[in-house]
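Heads up: the structure comes next, in structure tokens.
The values are calculated or read from the model by the stated rules, or taken from the named source; none is laboratory data. These figures come from a predicted structure and were not determined experimentally. Cβ atoms come from the backbone with ideal geometry, glycine included; neighbour counts cover every protein chain shown.
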Amino acid sequence: MASNRRLLPPKEAAGMQEQRDIGVVGEPPTGSEALLSAQGLACKRGRRLLFKDLNLRLERGRVLWLRGSNGSGKTSLMRILAGLSSPHAGTVLWRGRPLQQASNEARRGLSFIGHSNGLKDDLSLAESLAFLAELAGLDRAPERARLALTRLGLSSRGTALVRTLSQGQRRRGALARLALDDSAERVWILDEPYDALDKNSMGLLSELIEAHSARGGAVLLTSHQPIDLRDSHEFDLESWRAA
């Protein structure tokens, strides 16, 4: 059964800084290693300050469900954490080191899947997936790609060019990147990963996320749809929004 615990917003956490940074109401600090963390983050879009003074800690085995209304800055925060854009203020740390200093290690340790699926239109689905596996430093990339596509129910579409696939097939193809991964050192950052998936594919995605968490990886995700993930925790971005 899922356990969606709520993370402490700043106003409720006065005098409880250590617990807030670990992040779970009523749960003492665990001492687990933080793979990815943020200190004092602020984000601007144009002249508008979306959020400020945001602290976040993604420990091994942790699944965080990032909540917030449209326009609150969820995608912006995820791109900052993935190193794809810069914060207005604050620092992102990869295993205790500034993200810029840990660039090569962090690049291999972070998997970001956003609204664009990150697949190459002019390659076959299997070729595109193998290319992504190689970028992630995985060995036996073609074999891993084939097995991942089989797991996502896409083995018959492996030779099809990405541009010929339906939106649902592209989305499952992008998520097959997660089935490639067996590392306990990686952080998955997933922006609306359940979009365009049928019920069976949603269940498979949840299994992949829970398996990654169980082996010691960490996951940060957004979802407009109800999700049922074992031992996940909610992080409410609304509590960090700028006044």
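Some observations on this one:
- In the condition set (1) out of contact with any Asp or Glu (no Cβ under 6 Å at 6 or more places or on another chain); (2) under 21 Å from ARG67 (Cβ atoms); (3) surrounded by fewer than 21 Cβ atoms within 10 Å (Cβ to Cβ), SER213 is compliant with all but (3).
- Counting only residues that are of a type in the set (Phe, Trp, Tyr) and touching a Gly at 6+ places or on another chain (Cβ under 6 Å), region 32-77 holds 1 of them.
- Being outside any loop (DSSP other than H, G, I, E, B) and at pLDDT 95 or above is a condition met by no residue of region 96-117.
- In region 219-243, the residues that are buried (at least 18 other Cβ atoms within 10 Å of the Cβ), in contact with a strand residue (DSSP E or B) (Cβ under 6 Å, 6 or more places away or on another chain) and in a loop (DSSP other than H, G, I, E, B): THR222, LEU229, SER232
- Failed criterion for ASN70 (all others in (1) assigned to a loop (DSSP other than H, G, I, E, B); (2) of a type outside the set (D, E, K, R); (3) surrounded by 14 or more Cβ atoms within 10 Å (Cβ to Cβ); (4) free of Cβ contacts under 8 Å to residues at least 60 places away in the same chain hold): (3)
- For region 129-145, the set of residues classified as within 10 Å of ALA176 (Cβ to Cβ) and of a type outside the set (Gly, Ala, Ser) consists of LEU129, LEU132, ARG144, listed by residue number.
- Filter result for the condition that a residue is under 22 Å from the mean Cα position of the chain (by Cα) and either at negative phi or of a type in the set (Phe, Trp, Tyr) (or both), over ALA160, ALA102: ALA102
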